[in-house]
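Below is one structure, written out as structure tokens; the observations come after it.
The values are calculated or read from the model by the stated rules, or taken from the named source; none is laboratory data. Fair warning: this is a prediction, and the values are worked out from it, not measured in the lab. No Cβ is skipped: glycine too gets one built from the backbone with ideal geometry, and neighbour counts run over all protein chains shown.
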Amino acid sequence: MKTISAQELTLNAFERFGSFASMIRPDGEITGVPGSAIEFYRDRLALPLAGQVMGLSVTKCKKRPFVIEKAEYHSACCEALMPLDGDVYIHVAPATPNGIVPYDKFEVFRVPAGTMVVLRPGVWHHAPYSIDKDQVCTLCMLPERTYALDCAVVVFPEEERMQIR
């Protein structure tokens, strides 16, 4: 089985897959007076929807072996993920034509709790891996019913599976 190393989430490393921002430790532009009772950190991320209804879902990610066995993509939309109560690993690969899995292009990132990741349309990914808790709940934002209408899932052949280290 191949191995793939997890890396820290940085703007340089992740920018070709999408964007991210800490939602529980915000910084940047504030509307209002810094240090006052209310600080509004506006427009931390953008999730283009083209007039669709946003579906907010939760994925419970139970502790499981760090083996990448499958991936999915959504052709017509972005997806936002935010681990709520623990750190997770996510695996991603660039969008490809015609559903061809880019096995040699996958990367793994450690996403801290409270950090929202926005994946571009077509980026290969799948459910996060809980790193050190028995279970982590992850907020998932997609246009309503994307899981049924625009979700191509591929189970990897044994020889293409990857061990996260």
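So, in the stretch 73-87, of the ones that are surrounded by fewer than 17 Cβ atoms within 10 Å (Cβ to Cβ) and closer than 19 Å to Cys151 by Cβ, which residue ends up modelled with the lowest pLDDT?
Of all residues in the stretch 73-87, those surrounded by fewer than 17 Cβ atoms within 10 Å (Cβ to Cβ) come to 75-76, 84-85.
In the following step, the residues that additionally are closer than 19 Å to Cys151 by Cβ were identified as 75-76.
Numbers: Ser75: 95, Ala76: 92.
Among those that are surrounded by fewer than 17 Cβ atoms within 10 Å (Cβ to Cβ) and closer than 19 Å to Cys151 by Cβ, it is Ala76.
Part of a loop (DSSP other than H, G, I, E, B) and small (Gly, Ala, Ser), is that true of Ala71? Break it down into steps so the answer makes sense when it comes.
Working: part of a loop (DSSP other than H, G, I, E, B): no; small (Gly, Ala, Ser): yes.
Spelling it out, it is not the case that Ala71 is part of a loop (DSSP other than H, G, I, E, B) and small (Gly, Ala, Ser).
Would you check if there is a residue in the stretch 88-99 being surrounded by 18 or more Cβ atoms within 10 Å (Cβ to Cβ), in a loop (DSSP other than H, G, I, E, B) and not acidic (Asp, Glu)? Break it down stepwise before answering.
So the first thing to find is which residues in the stretch 88-99 are surrounded by 18 or more Cβ atoms within 10 Å (Cβ to Cβ), and the list is 88-93.
So of that shortlist, the ones also in a loop (DSSP other than H, G, I, E, B) come out as none.
Checked the stretch 88-99: no residue is surrounded by 18 or more Cβ atoms within 10 Å (Cβ to Cβ), in a loop (DSSP other than H, G, I, E, B) and not acidic (Asp, Glu).
Please verify whether Val67 is of a type in the set (Val, Ile, Thr) and either within 27 Å of Glu144 (Cα to Cα) or modelled with pLDDT of 85 or more (or both), treating the condition exactly as stated.
Details: of a type in the set (Val, Ile, Thr): yes; either within 27 Å of Glu144 (Cα to Cα) or modelled with pLDDT of 85 or more (or both): yes.
In short, yes.
Mind checking whether some residue in the stretch 114-121 is buried (at least 20 other Cβ atoms within 10 Å of the Cβ), in contact (Cβ under 8 Å) with a residue 12 or more places away in the chain and touching a helix residue (DSSP H, G or I) at 6+ places or on another chain (Cβ under 8 Å)?
yes
Check off (1) farther than 14 Å from Glu72 by Cα; (2) without any contact (Cβ under 8 Å) to a residue 24 or more places away in the chain for Cys137 and give me the number that stays unchecked.
It fails just one condition, (2).
Assigned to a loop (DSSP other than H, G, I, E, B) and small (Gly, Ala, Ser): does that describe Ala37?
Details: assigned to a loop (DSSP other than H, G, I, E, B): yes; small (Gly, Ala, Ser): yes.
Considered against the rule, which asks whether it is assigned to a loop (DSSP other than H, G, I, E, B) and small (Gly, Ala, Ser), Ala37 comes out as yes.
Consider only pairs whose beta carbons are under 7 Å apart and that are at least six residues apart or on different chains; among these, list those whose first residue lies in the stretch 5-26 and is of a type in the set (Asp, Glu) and loosely packed, with under 11 Cβ neighbours inside 10 Å and whose second residue is part of a strand (DSSP E or B) and modelled with pLDDT of 95 or more.
Glu8/Arg110
Within the stretch 1-21, restricting attention to residues that are within 24 Å of Phe66 (Cα to Cα) and small (Gly, Ala, Ser), which residue is farthest from the chain's Cα centre (by Cα)?
Filtering first and then ranking leaves Ser5.
Looking at the stretch 113-123, can you tell me whether even one residue there is within 21 Å of Arg161 (Cα to Cα) and either part of a loop (DSSP other than H, G, I, E, B) or not acidic (Asp, Glu) (or both)? Steps first, answer last, please.
Keep residues of the stretch 113-123 that are within 21 Å of Arg161 (Cα to Cα), which gives 122-123.
Subset that is either part of a loop (DSSP other than H, G, I, E, B) or not acidic (Asp, Glu) (or both): 122-123.
Yes, because at least one residue in the stretch 113-123 is within 21 Å of Arg161 (Cα to Cα) and either part of a loop (DSSP other than H, G, I, E, B) or not acidic (Asp, Glu) (or both).
Considering only residues of the stretch 1-34 that are assigned to a loop (DSSP other than H, G, I, E, B) and among the acidic types (Asp, Glu), which is modelled with the lowest pLDDT? Spell out how you get there, then give the answer.
Step one: of the stretch 1-34, the residues assigned to a loop (DSSP other than H, G, I, E, B) are 1, 5, 9-10, 15-17, 23-30, 32-34.
Then drop every residue that is not among the acidic types (Asp, Glu), which leaves 15, 27, 29.
Working: Glu15: 96, Asp27: 81, Glu29: 78.
Filtering first and then ranking leaves Glu29.
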